[in-house]
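The values are calculated or read from the model by the stated rules, or taken from the named source; none is laboratory data. What you see is a predicted model, and the numbers here were worked out from it, not measured in a lab. All Cβ positions, glycine included, derive from the backbone under ideal geometry; neighbour counts span all protein chains shown.
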């Protein structure tokens, strides 16, 4: 960590704090935007759940709160230290800190033994790509809890890169507790553990057992807190079966809105299968590049998960910034940037036309989410192609040995 | 594949695919502007437009018999007499009297005091309204009958208010209403009315009703009670339009009653191409600039709240006579209210995006949107061209250039936003001084840029242009879905900046002809930059459209000076503060913020482009030589 990186950290903290200070209603404006938060990450619903929990009613009654029970404990603790109003000092500092930690993890990944062999961007560039990304800033100011689950996910990757596998497993368990789609990272993590440390089968089984134990432990917190297993259907259930039918940036909501009810189970399985189906092929194909496999799976999940938000794209772009060696092979950066930019500007305006002015309709917004998905697909295929090209050149020309990352 | 390669070689010569693709872009971009403009003139053709039709069957316009006639005329006359007596009365007294009338008729009534202020610039007034709870409804839905005390020209809305009161009284005798009727007499058509609508939705009013489904605004000034034709005003703020079904309903009812309907003050009896084209262009101008500096017709205030409304303006002839009388107007309103009353759900069936060519002809969004979209896309394509043509093989140099050009772009945008905040913040009386200072600074801007910004290579300038053009393209495409007309207008104003701007060239001219050519392009660039200066354009608009000054026929310094000085500072200040008020009080974001956040940065960047020096030729030659050696 050089001085410049610390300067970026401080600047990002100043930016977020001053935005919150100058525009005190910004968090509620952004919090209402369906592009920025979903019912799985919304701070407003977290506060409702917290209130129910504090007055002794199960927060999972009534179908408002869908987030993991651990957030209740965390924010109850934060509430004890100060207040949980979205603009209170403690919450401000906590969220700013969470983002800086994530950026720190990203810098650490770029310095890790496997990646350090390749030509890397400077730390402060990587940190600012994450910290000053408008999507990440918006997600942070909206107080989406995805900020925390993303921090846990990036943390687990960072620890895996440094062979601190136990910590990595624990962070992965935390991340998948908050956002179950992080489970998809398990296969590439297996590759990562075995390739970087050359861990034996026995130790891999040990890690897996630890992961399962840790996940079960975290899950049982909910049981002890609420006294029933109802929370499982309210959290994982509504995420897996898409119970909370509301518009978001993903592909799901429009289909399920149009669909007859008796088709719902079938298409729920199909959509979930679709998001799962890429995991193993990507892991196998990119077994030489487990980090790239993780990045690709994060990108694919952003497209195919049931409640995506734009912050996920910010995380994906930050992960991509670690692979500088593929940049020369990337072809459609301008196209992808323009498509994503247009969709991100048009999405709120079409949502406004549909919900507030009433002159547009759901098709407007859905069309834009499709464009957004196309933009994401362009990035994923383009970077995947660029990676495979590097691998190909490595095997063609012995002087360019395969870069193992 | 071989054939394709042959074709490519025939088309582009020996250039690579990328270069040949890039070299096509400027032409494509320019063609898109021309195509967009040409498409605008295709729209008024008979085959492109459709006849309007009633889409929502529940409306049944003109199907019910109307009974507002006979002895009701005495009531109208009596109310008219009363209104005339209140003409000079202070606001408070007027409001209380009208409120008493409404209570006497049997409405729950209340007054609504409103004030909006910005420093010492205070606007205030009193609105009156009353609610008739529907005999067959549950007060969840309502419709509005609105007669502003003063109409859009500031005249006393004498017959309008009287007919509204008589109708209000007459409506109480019917048991057919399934929606509450709100009778609203706002003090004016702009701030008072929009403040009432805002407070109705945001605060708890002493008397209230359900969600407002539709509204009719009555505009019938004068005491004669006869009118020549009926003009429908429908443009809302920020490009909002009421559902086409509402306009159709009124037009159909007028057809049944034999009333002549016009839109945009254009006689539609001659349904020729020229007439349709003029209606189209006037409609676009109205939509783009509605609510901006003068009071609207009244229906604007309801837009943006999901309330479909139209203003029915009875136009009297100069001698006060006309073929139709006030009772017919009353029956028109009665029939329209009954149609709205018939609605089972909110207006949704028909179009929300349309351009009217005559009261019963329209172009739908699918047909007209290409105009603005093509023009918007031309900016993006030109931006892509500048980006791709300026990317060199030296990635690190390109990266640095891109970053530093981006910083300049961000600085320019931030300065513009700063100026915007300043203009919104200072008192109205200081606006004229601000504009004076800004216009005085503007001419020296190019010199300042030339001195302050060090010499930049063409690739840097291209990067800067590419940022601003992509930004403008992005903005215009988005705007065209919200406010088509404004997007089209701005696109046409901005287009020369994307196509006729030439930065200083690095290489020395090879021949005298090339030298002349450069002088010519430089001259064109400067003309374009001067002509698209926001302040100049606003001032010219003010002089020629608002004041109606004729542009001097023969150009001389003297005639020009008379033309430019044809205003007093107070009048111009009034105009400017009107524009600021439209943003501040009415929420018309589609002009002032757009001016500062899009137009000004684009113009400033263009200024930089034409005024920044190119690097010294000698160093440039050396650079070129080095490049060649490297290659």
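Of A:320, A:313, all but one fail to be modelled with pLDDT of 90 or more, surrounded by 24 or more Cβ atoms within 10 Å (Cβ to Cβ), in contact with a helix residue (DSSP H, G or I) (Cβ under 8 Å, 6 or more places away or on another chain) and more than 14 Å from chain B (Cβ to nearest Cβ); the exception is A:313. The single residue among B:377, B:405 that is surrounded by 20 or more Cβ atoms within 10 Å (Cβ to Cβ), touching a helix residue (DSSP H, G or I) at 6+ places or on another chain (Cβ under 8 Å) and within 14 Å of chain A (Cβ to nearest Cβ) turns out to be B:377. How many of the residues in region A:340-355 are free of Cβ contacts under 8 Å to residues at least 60 places away in the same chain and either facing another protein chain (nearest Cβ under 8 Å) or surrounded by fewer than 19 Cβ atoms within 10 Å (Cβ to Cβ) (or both)? Matching residues across region A:340-355 total 10. For region B:67-96, enumerate the residues that are in contact with a helix residue (DSSP H, G or I) (Cβ under 8 Å, 6 or more places away or on another chain), within 29 Å of residue B:585 (Cβ to Cβ) and buried (at least 16 other Cβ atoms within 10 Å of the Cβ). Selection gives B:83, B:86.
State whether one or more residues within region B:231-238 are within 14 Å of another protein chain (Cβ to nearest Cβ) and surrounded by fewer than 24 Cβ atoms within 10 Å (Cβ to Cβ). The answer is yes, given that some residue of region B:231-238 is within 14 Å of another protein chain (Cβ to nearest Cβ) and surrounded by fewer than 24 Cβ atoms within 10 Å (Cβ to Cβ).
Rundown of residues vs (1) surrounded by fewer than 22 Cβ atoms within 10 Å (Cβ to Cβ); (2) touching a residue at least 24 places away in the same chain (Cβ under 8 Å); (3) over 26 Å from residue B:314 (Cβ atoms); (4) touching a strand residue (DSSP E or B) at 6+ places or on another chain (Cβ under 9 Å), yes/no style:
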position: B:104; (1), (2), (3), (4): yes, no, yes, no
position: B:107; (1), (2), (3), (4): no, yes, no, yes
position: B:113; (1), (2), (3), (4): yes, no, yes, yes
position: B:132; (1), (2), (3), (4): no, yes, no, yes
position: B:140; (1), (2), (3), (4): yes, yes, yes, yes
position: B:148; (1), (2), (3), (4): no, yes, no, yes
position: B:154; (1), (2), (3), (4): yes, yes, no, no
position: B:160; (1), (2), (3), (4): no, yes, no, yes
position: B:168; (1), (2), (3), (4): no, yes, no, yes
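Within the set A:369, A:373, A:383, the sole residue that is away from chain B (no Cβ under 12 Å), assigned to a helix (DSSP H, G or I) and more than 18 Å from residue A:298 (Cβ to Cβ) turns out to be A:369. Residue A:301 falls short of the stated requirement of being in a helix (DSSP H, G or I), farther than 18 Å from residue A:251 by Cβ and within 21 Å of the chain's Cα centre (by Cα).
Matching residues to (1) modelled with pLDDT of 90 or more; (2) in contact with a strand residue (DSSP E or B) (Cβ under 8 Å, 6 or more places away or on another chain); (3) farther than 30 Å from residue A:338 by Cα:
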site	(1), (2), (3)
B:402	no, no, no
B:424	no, no, yes
B:432	no, no, yes
B:468	yes, no, no
B:486	yes, no, no
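Filtering B:414, B:433, B:439 for residues that are part of a helix (DSSP H, G or I), under 30 Å from residue B:122 (Cα atoms) and free of Cβ contacts under 8 Å to residues at least 40 places away in the same chain leaves a single hit, B:433. In this structure, does residue B:360 turn out to be more than 14 Å from chain A (Cβ to nearest Cβ) and in contact with a helix residue (DSSP H, G or I) (Cβ under 7 Å, 6 or more places away or on another chain)? Taking the combined requirement at face value, the residue satisfies it.
Taking (1) farther than 28 Å from residue B:480 by Cα; (2) within 11 Å of chain B (Cβ to nearest Cβ) in turn, residue A:306 satisfies each apart from (2). Has region B:329-342 got any residue that is surrounded by fewer than 21 Cβ atoms within 10 Å (Cβ to Cβ), within 14 Å of chain A (Cβ to nearest Cβ) and closer than 29 Å to residue B:66 by Cα? There is no residue in region B:329-342 that is surrounded by fewer than 21 Cβ atoms within 10 Å (Cβ to Cβ), within 14 Å of chain A (Cβ to nearest Cβ) and closer than 29 Å to residue B:66 by Cα. Of all the numbered requirements in (1) within 14 Å of chain A (Cβ to nearest Cβ); (2) touching a helix residue (DSSP H, G or I) at 6+ places or on another chain (Cβ under 7 Å), residue B:488 misses one, and that requirement is (1). When you scan region B:533-545, do you find a residue that is at pLDDT below 85, touching a helix residue (DSSP H, G or I) at 6+ places or on another chain (Cβ under 8 Å), buried (at least 20 other Cβ atoms within 10 Å of the Cβ) and in a loop (DSSP other than H, G, I, E, B), even just one? No.
Just one of the listed residues (B:345, B:274) is within 14 Å of another protein chain (Cβ to nearest Cβ) and surrounded by fewer than 18 Cβ atoms within 10 Å (Cβ to Cβ), and it is B:345. Note on region A:323-339: residues that are buried (at least 18 other Cβ atoms within 10 Å of the Cβ) and either within 11 Å of chain B (Cβ to nearest Cβ) or assigned to a helix (DSSP H, G or I) (or both) total 4. The helices (runs of 4 or more DSSP H) located wholly in region A:166-258 that include 2 or more residues which are within 30 Å of residue A:364 (Cβ to Cβ) occupy A:252-258. Only one residue in B:296, B:283 is at pLDDT below 90 and out of contact with any helix residue (DSSP H, G or I) (no Cβ under 6 Å at 6 or more places or on another chain). Which one? Result of the check over B:296, B:283: B:296. Can you name the residue in region A:356-365 that is surrounded by 16 or more Cβ atoms within 10 Å (Cβ to Cβ) and more than 9 Å from chain B (Cβ to nearest Cβ) and is also nearest to residue A:138 (Cα to Cα) among such residues? Of everything passing the filter in region A:356-365, A:365 is nearest to residue A:138 (Cα to Cα).
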